[in-house]
Structure formats: structure tokens, C-alpha cells
Amino acid sequence: WLLACSACGNLRGTKAEHRTTNDDSERNDTVSAITRNTAKKFLNSVREANTMIDLKQQRLDELKALADNIPAVDYAADKIQTSPDGDRLLNIIAKIVDLSEEINADIDRYVDLQARVMHVIDSVDGVDEQKFLYMRYFEGMKPKKIAAAIPCSERNVFKIQNRALEKVFIVIQRLGVI
């Protein structure tokens, strides 16, 4: 006795068997989505770190411009008390020094992170997957441009992406990166 599922049309021996198959399929889809999202988060960390460095660099440039606009203080003309502009300039200079040190530390961490991500990408099996990962996460290319560069269809790029992200997840687990 076989039953046809009204949802998918597949023949099953029992409704319970069909529910179990659907539940397993949904569970596998969920696990696969979590796997891909974890891999994406790891790979995107390089771009996010770079963005944060750029934002801090912009703030540093703003502080330097602000320091340039403060008039010079003639300490010889002033008596013993300090000038408000002098204190303001010293505060800005201190912020510039602190932010510069913070940016340098961020750059060191960024270089280390970039090396870890490249090591993971190099450890992924498959040339197409490696090309995709490099173009997407280091070059920031969109799927359409990647399709033209590989060359393949845009639909195939999404298949490569799914395979690549699942392979990245396996590699980062094996290497203990996450």
C-alpha cells in the first residue's frame, strides 16, 4: 500500500515515513544554513576588521585637522598659567597618539586575521571554490562578476558558493579556528 504525498507527490509507505523524511530534510537544511552562516561570518570578519580600521583612520584624520586649526600658543608672552588653547591642543594630541596606537594594534590583528582566513581558503578542496572565496571575500566581488571571471553561469556561482561555504566550515572546525 503506497500513499502519494499531496505536497511533493512522492510515494511513501506511510504518512509517518513521509513526515520523518520531511523532518530529516528540514533538519539537514537548517544545519546546512547554520554551517554556511558560520563560514560567512568567519570570512566576513576580514572585511569588517578592515572597515573598522578605515573608520578609525577617518577619525584620526579629523583629529589631525582639528589640531591644525588651533592657533599656536606663545608661552613666552603668557604668564605662568596655561592657555585654554594649549590645553585643548595637548588633549587633541593625546587623542591622536592613543588612536594611532589603537589603529596600529588593529592593523596587526587584521594582518593575522587575514593570514588565518587565507590559510583556511587555501585548505579548501576545489579550485573553483578557492577562486570564489578569494574573489568574494577578499576582492568583494558580486556573484555576477564572479560568474564572468570564473567563467560560469550566475546560478552555478551560487552552487559553488554553497559548496565552498560548507567546505570552509569543515576546515575551520578541523583547524580549530572557531
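So is A94 of a type in the set (G, A, S), assigned to a helix (DSSP H, G or I), at pLDDT 90 or above and open to solvent by 70 Å² or more (accessible area, probe 1.4 Å) or not? Considered against the rule, which asks whether it is of a type in the set (G, A, S), assigned to a helix (DSSP H, G or I), at pLDDT 90 or above and open to solvent by 70 Å² or more (accessible area, probe 1.4 Å), A94 comes out as no. From the list Q130, Q58, exactly one residue is in a helix (DSSP H, G or I), surrounded by fewer than 11 Cβ atoms within 10 Å (Cβ to Cβ) and modelled with pLDDT of 90 or more. Which is it? Going through Q130, Q58 in turn, the sole match is Q58.
Of all residues in region 31-54, those that are farther than 16 Å from G140 by Cα have Cβ atoms under 6 Å from Cβ atoms of residues that are modelled with pLDDT of 90 or more and of a type in the set (D, E), 6 or more apart or on another chain, in T35/E166; I53/D106. Would you check if there is a residue in region 68-82 being surrounded by 10 or more Cβ atoms within 10 Å (Cβ to Cβ), at pLDDT below 55 and assigned to a helix (DSSP H, G or I)? There is no residue in region 68-82 that is surrounded by 10 or more Cβ atoms within 10 Å (Cβ to Cβ), at pLDDT below 55 and assigned to a helix (DSSP H, G or I). Of all the listed residues (E48, E101), the sole one being surrounded by fewer than 16 Cβ atoms within 10 Å (Cβ to Cβ), out of contact with any Lys or Arg (no Cβ under 6 Å at 6 or more places or on another chain) and modelled with pLDDT of 90 or more is E101.
The values are calculated or read from the model by the stated rules, or taken from the named source; none is laboratory data. Remember, it's a predicted structure, so these values are computed and weren't measured experimentally. When we count neighbours, we look across all protein chains shown, and the Cβ atoms used for this are built from the backbone with ideal geometry, even at glycine. Just the protein is used for accessible areas: all its heavy atoms, side chains included, with ligands, DNA and RNA removed. Shrake-Rupley method; radii C 1.70, N 1.55, O 1.52, S 1.80 Å.
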